[in-house]
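Structure, as structure tokens:
The values are calculated or read from the model by the stated rules, or taken from the named source; none is laboratory data. The structure displayed is predicted, hence computed values, not measured ones. Backbone-built Cβ (ideal geometry, glycine too); neighbour counts: all protein chains shown. Just the protein is used for accessible areas: all its heavy atoms, side chains included, with ligands, DNA and RNA removed. Shrake-Rupley method; radii C 1.70, N 1.55, O 1.52, S 1.80 Å.
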Amino acid sequence: MTGALALAGCGDSGSDSDSSAAGAELSVGAAYIPQPVSDSMAAGFLTITNKGDAEDELTSVTSEAGDVTVHETVDGTMKEVDRLPVPAHGRLVFKSGGNHLMFEKLKQRLKQGQTVSVELRFARSGPVTVKLPVKAATYQPTTGHSGH
């Protein structure tokens with residue numbers, strides 16, 4: 001516990017504020033779970049955007065729906081990882097065929113229309129709770145500049 005407290009004080013400019021202008025500024029969007037074909041496993045996708053001046057790292061994800069692990073896909077090979085970076089002024093993207101959340105030992109089969117709540121934990125920032133709607137198995141999120 002003292003290690004975490006000591007780390008929280010590093011780089012402090014003397015203010016008592018929890019967030020400094022040089023910190024990470026995280027937000028989450030495009031979150032969803034395609035309706036799984038399995039009763040016990042599902043994949044989750046989302047985008048974590050960091051508008052701040054400091055990198056952060058996603059260190060764990062928890063959910064009451066079941067066990068959640070973070071997977072990285074490199075050269076078509078999926079592997080579980082302990083953490084993934086969220087670059088300053090950048091994004092950490094979880095998408096089909098790439099990085100993703102893996103839900104295992106689900107307490108119930110997920111069906112379209114439900115939502116699953118997850119808590120994202122980071123190395124430096126406070127936890128973020130996100131609701132992932134269960135979408136059709138064929139759902140494809142809109143990407144790019146479709147809002148223009």
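May I ask you to derive the relative contact order of region 46-100, considering only C-alpha pairs under 8 Å and at least 6 residues apart, and to give it as an integer percent?
Numbers: 91 pairs, mean separation 26.5, N = 55.
That works out to 48 percent.
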Ignoring ligands, DNA and RNA, what percent of the accessible area of region 25-122 is carbon or sulfur (1.4 Å)?
-> 45 percent
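Cβ under 13 Å from ALA123's Cβ, ALA123 left aside: what net charge do those residues give with Lys, Arg +1 and Asp, Glu -1?
Working: positive: ARG83, ARG121, ARG124; negative: GLU55, ASP56, GLU57, ASP82.
Once all neighbours under 13 Å are counted, the net charge is -1.
At 0.36 nm per residue, minus the direct Cα-Cα distance, what do TYR139 and ASP39 gain on full extension? Give it in nm, one decimal, please.
Values: separation 100, 0.36 × 100 = 36.00 nm, distance 1.87 nm.
Contour length minus Cα-Cα distance gives 34.1 nm.
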With r defined as the distance between the Cβ atoms of MET78 and LYS51 and R0 fixed at 22 Å, what FRET efficiency is calculated, to the nearest 0.05?
-> 0.15
Provide, for region 43-148, the number of lysine pairs with alpha carbons under 23 Å apart, each pair being eight or more places apart or on different chains.
-> 14
